[in-house]
1. Determine the gain in length on full extension of the stretch residue 71-residue 36; use 0.36 nm per residue of separation and subtract their C-alpha separation, reporting nm with one decimal.
2. Would you work out the charge dipole size for segment 1-43 about its Cα centre, treating the Cβ of every Lys and Arg as +1 and the Cβ of every Asp and Glu as -1, and quote it to the nearest 20 debye?
3. Ranked from highest to lowest mean number of other Cβ atoms within 10 Å per residue, what is the order of the peptides 104-116, 188-200, 170-182?
4. For residue 102 and residue 19, what does the FRET efficiency come to when R0 = 30 Å and r is the distance between their Cβ atoms, rounded to the nearest 0.05?
5. Sort 80-91, 11-22, 120-131 by the packing proxy (mean of other Cβ within 10 Å over each peptide's residues), most packed first.
6. Taking the Cα centre of segment 98-142 as the origin, how large is its charge dipole in debye, to the nearest 20, when only Lys and Arg (+1) and Asp and Glu (-1) carry charge on their Cβ atoms?
7. Taking segment 2-47, which chymotrypsin sites (Phe, Trp or Tyr not before Pro) meet the DSSP loop condition and have no more than 15 other C-beta atoms within 10 Å?
8. Can I get the semi-axes of the chain's equivalent ellipsoid? Compute them from the C-alpha gyration tensor as square roots of 5 times the eigenvalues, in angstrom, largest first.
Amino acid sequence: LLMFENSYCCPLSKEALRMVDSGLIGAHGVHYPFLKIENSNKIPVFIDEKMLSGGDKISQTMYKKDDAESAYENFLTWLFETFKQDEALFRNTLIEKLNLKAGDRVLVTGCGLGDDVKYILPKIGSTGELFAQDISDLMIVATARRLSSASDQQVDINNLYLSVSNASMLPHPDSYFDAAYHFGGINLFSDIKSAIHEMARVVK
C-alpha cells in the first residue's frame, strides 16, 4: 500500500498522494479516482480533459471511437509488415538497449495496448516494478484485459501498475525509475519537449 502511494504524485503540483477507497487524494483536496475495472491492480486516472490540447485532444477523441482498439492493432500489423520487421524481435531489440536487470523499476509512456509490457516484465522479474501509462482509458483497460487473459498467463502481471495520465505531466516523483521507455506515438503528443523532459525527470 505504501509503495503504491509513494509511486504517484499530483502531476501538477507534484505533492504526495494517499490512497482512499475511491482513488488517490492530496493534502489540498485534489482527488484522482480509480478506474472501475476488475482483475487488475488499482488504476488511477490523472487526466483532466479540460486541460488537454492539440495532439492530446485529437488522440483522446480518436481512442474513444468504438473500433479504436482494432484500428490501433491493425495499424501496428500494417506497420511491421510494410517494413518487413518481426515485431517481437524489433521490440526486444529496442528494450535490450535499456540494459534492464531483475529488480529494476521501469516506466513505459504511451503504452497503447501494452505490446511492450510483456517483453519488459520478464527482464525485471518478480522483484521489479513496471509502470505503464497512456492518455486513453480505453487503451489502459484493453492492456489490463489482454495481459490478464489466458493467452498471456506466462507473463506475471502482479508487479504491473497502470495509469491514465498525460506523458507531458507524469504523476511520478523525481528520480523514481531506473529506466523510461517509449515506442511510437510521441509524434502525436501536444508537447513533445515536455514529454521527453518528464521522462528524464522521473529517471534516476
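Read the figures in this text as sums done on the coordinates, not as results from a lab. Quantities reported herein were computed from a predicted structural model and do not represent experimental measurements. In this analysis, Cβ positions are derived from the backbone assuming ideal geometry, glycine residues included, and neighbour counts consider all displayed protein chains.
1. 10.2 nm
2. In total the dipole reaches around 60 debye.
3. Descending mean neighbour count gives 104-116, 170-182, 188-200.
4. 0.65
5. 120-131, 11-22, 80-91
6. For this selection, approximately 240 debye.
7. none
8. Result for the chain: semi-axes of 25, 20, 17 Å.
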